[in-house]
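Enquirer: Supplied in structure tokens, the structure appears directly below.
The values are calculated or read from the model by the stated rules, or taken from the named source; none is laboratory data. The model shown is predicted, which means the values in this text are computed figures rather than measured ones. For neighbour counting, all protein chains shown are included, and Cβ atoms are generated from backbone atoms with ideal geometry for every residue, glycine included. The accessibility values were calculated without ligands, DNA or RNA, using every heavy atom of the protein model including side chains. Shrake-Rupley method; radii C 1.70, N 1.55, O 1.52, S 1.80 Å.
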Amino acid sequence: MVRSVYYFCKQCNIYLPDSEIENHLKDYPGHILEEVFTDKQRVRLSKLLSFLLRHNPESLDLKLENNGFTTITIDELIKRIKYRHNYDWVNKRTIEALVFLDKKGRFEIINNRIRARYGHSIKNIKIDYNNGNIPDFLYHGTSKDAYLRIKNEGLKAKNRNLVHLTSSIKDALEVGYRHSKHSHRPIILRINVKKALDSGIKIWKAGKNVYVSKFIPPKFIELKTKKNEKN
Ligand SMILES: [Zn+2]
């Protein structure tokens, strides 16, 4: 198996996967690249931070502000992570790299504090989402069983605080597979965002491809088909 590694370029101040290293050095000969972490470590750290910042901050004696940010600085957080979890390779650079490289924009650092941008099961977390450009259609991956319920009741926030939608059909499919038993093909739902917004439904942008809402009524939900794919 190929060991996938991420690097930091000192001159450019950016993080790069090893697949981009060759081109980067071709474009910028002499730039110095430092190894940050392996993909395995990245995934492990991402899962830990999701757990702490979305679901269970108490497990590391953390407190979160109402806007989701930790009350302690990242430096203090790193000390606790190292002590409690035996993640001795974690440092400020690995945390910054994780946030930078995350394709879904799960985390955010401001003023040396970190938060999860969405996906909280903790009550009383209120993220002010930037209500910028929302595509006309968004997608939601689910199972056949859940679809029968959604058809009648719409998409409702449940254990987590908000319903998750995505602009990426690939991401919707991934979520759908996660929720589908055995090898059943997942269902991809297409949300008519424009109509929903026009009728007063609120949808916010949360991450790069991620959008959230409290409730999407059935009338704005349809199955994604080959026919409507390009609309
Ligand atoms: Zn560079």
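Enquirer: For the range 2-141, what does the accessible surface come to per residue with a 1.4 Å probe? Please give it in Å². Numbers along the way, then the final one.
Expert: Details: 7800 Å² over 140 residues.
Per residue, the range 2-141 has an accessible area of 56 Å².
Enquirer: Here is a follow-up. Mind ordering 196-206, 19-29 by average Cβ neighbours within 10 Å, highest first?
Expert: Peptide ranking by packing, descending: 196-206, 19-29.
Enquirer: Distances longer than 21 Å among the Cα atoms of the range 5-116: what percent of all pairs is that? Can you show the working numbers first?
Expert: On the way: 2359 of 6216 pairs.
Roughly 38 percent, rounded to a whole number.
Enquirer: Moving on. Taking every pair of Cα atoms in the range 1-51, average 1/r, invert it to obtain the Kirkwood radius, and report Rg/Rh to two decimals. Intermediate results must be reported in sequence, preceding the final value.
Expert: Details: Rg = 12.4 Å, Rh = 11.8 Å.
Expressed as Rg/Rh, it is 1.05.
Enquirer: Compare ASN124, ASN91, ASN133 in a GNM of the chain, Cα atoms joined below 10 Å, and give the one with the largest fluctuation.
Expert: Residue with maximal mean-square fluctuation among ASN124, ASN91, ASN133: ASN133.
Enquirer: Would you grab the residues whose amide H sits under 5 Å from the one on ALA206? Only those 5+ places off in sequence or on another chain, please, with H modelled 1.01 Å from N.
Expert: TYR211, VAL212
Enquirer: At a 1.4 Å probe radius, which order do PHE107, PHE100, PHE137 fall into by accessible area, largest first? Please list the in-between numbers first.
Expert: Details: PHE107 10, PHE100 100, PHE137 45 Å².
Greatest to least solvent exposure: PHE100, PHE137, PHE107.
Enquirer: Which length gain, in nm to one decimal place, applies between ASP75 and ASN13 when the Cα-Cα distance is subtracted from 0.36 nm times their residue separation? Can you show the working numbers first?
Expert: Values: separation 62, 0.36 × 62 = 22.32 nm, distance 1.95 nm.
This chain segment gains 20.4 nm when fully extended.
Enquirer: A further question follows. Return the carbon/sulfur percentage of the accessible area of the chain, one whole number, probe 1.4 Å, all protein chains in place.
Expert: Values: 6690 of 13630 Å².
Carbon and sulfur: 49 percent of the exposed surface of the chain.
Enquirer: Percent relative contact order of the range 137-223, based on C-alpha pairs within less than 8 angstrom and at least six residues apart?
Expert: Working: 165 pairs, mean separation 36.4, N = 87.
Reported as a whole number, the value is 42 percent.
Enquirer: Take the chain, connect every pair of alpha-carbon atoms lying under 10 Å apart with a spring to form a Gaussian network, then pick out the residue of HIS31, HIS120, HIS55 with the largest mean-square fluctuation.
Expert: Judging by the Gaussian network model, the answer is HIS31.
Enquirer: Given a 1.4 Å probe and heavy atoms of the protein chains only, how would you sort PHE215, PHE37, largest accessible area at the top? List each step's numbers first, then the result.
Expert: Values: PHE215 85, PHE37 0 Å².
Sorted by accessible area, descending: PHE215, PHE37.
Enquirer: What number, rounded to the nearest 500 deg cm²/dmol, is the helix-based mean residue ellipticity at 222 nm of the chain, given -39500 (n - 2.57) per DSSP H run of at least four residues and division by all its residues? Numbers along the way, then the final one.
Expert: Working: 7 runs with 68 residues, N = 231.
Computed ellipticity for the chain at 222 nm equals -8500 deg cm²/dmol.
Enquirer: Another question about this same structure. In terms of Cα to Cα distance under 23 Å, which lysines are near enough to LYS227, apart from those fewer than 8 places away along the same chain?
Expert: Partners within reach: LYS144, LYS151, LYS170, LYS194, LYS195, LYS219.
Enquirer: A follow-up question, please. Starting at 0 and stepping by 10 Å, how many percent of the alpha carbon pairs of the chain end up in each bin?
Expert: 7, 27, 30, 24, 11, 1, 0
Enquirer: Out of VAL5, HIS164, THR38, whose Cα points farthest toward the positive end of the dipole of the chain (charges: +1 Lys, Arg; -1 Asp, Glu; placed on Cβ)?
Expert: The one lying farthest along the dipole's positive direction is HIS164.
Enquirer: I would also like to ask the following. Taking only C-alpha pairs under 8 Å that are 6+ residues apart, what is the relative contact order of the chain in percent? Present the calculation step by step, with values, prior to reporting the outcome.
Expert: Working: 374 pairs, mean separation 37.8, N = 231.
For the chain, the relative contact order is 16 percent.
Enquirer: Just to confirm a number: summing +1 for Lys and Arg and -1 for Asp and Glu over residues other than TRP204 whose beta-carbon lies under 13 angstrom from that of TRP204, what do you get?
Expert: On the way: positive: ARG117, LYS126, LYS202, LYS205, LYS214; negative: ASP128.
Combined, the nearby Lys, Arg, Asp and Glu give +4.
Enquirer: What figure, in Å² to the nearest 10, do you get for the accessible area of LYS47 with a 1.4 Å probe and non-protein molecules left out?
Expert: Accessible area, nearest 10 Å²: 140 Å².
Enquirer: Moving on. Over the range 5-116, what is the mean sequence separation of C-alpha contacts under 8 Å (at least six apart), divided by residue count, expressed as relative contact order in percent? The partial results should precede the final answer.
Expert: Working: 124 pairs, mean separation 25.3, N = 112.
Computed value for the range 5-116: 23 percent relative contact order.
Enquirer: Can you tell me the accessible area per residue over the range 179-231, all protein chains present, probe 1.4 angstrom, in square angstrom?
Expert: Working: 3350 Å² over 53 residues.
On a per-residue basis, 63 Å².
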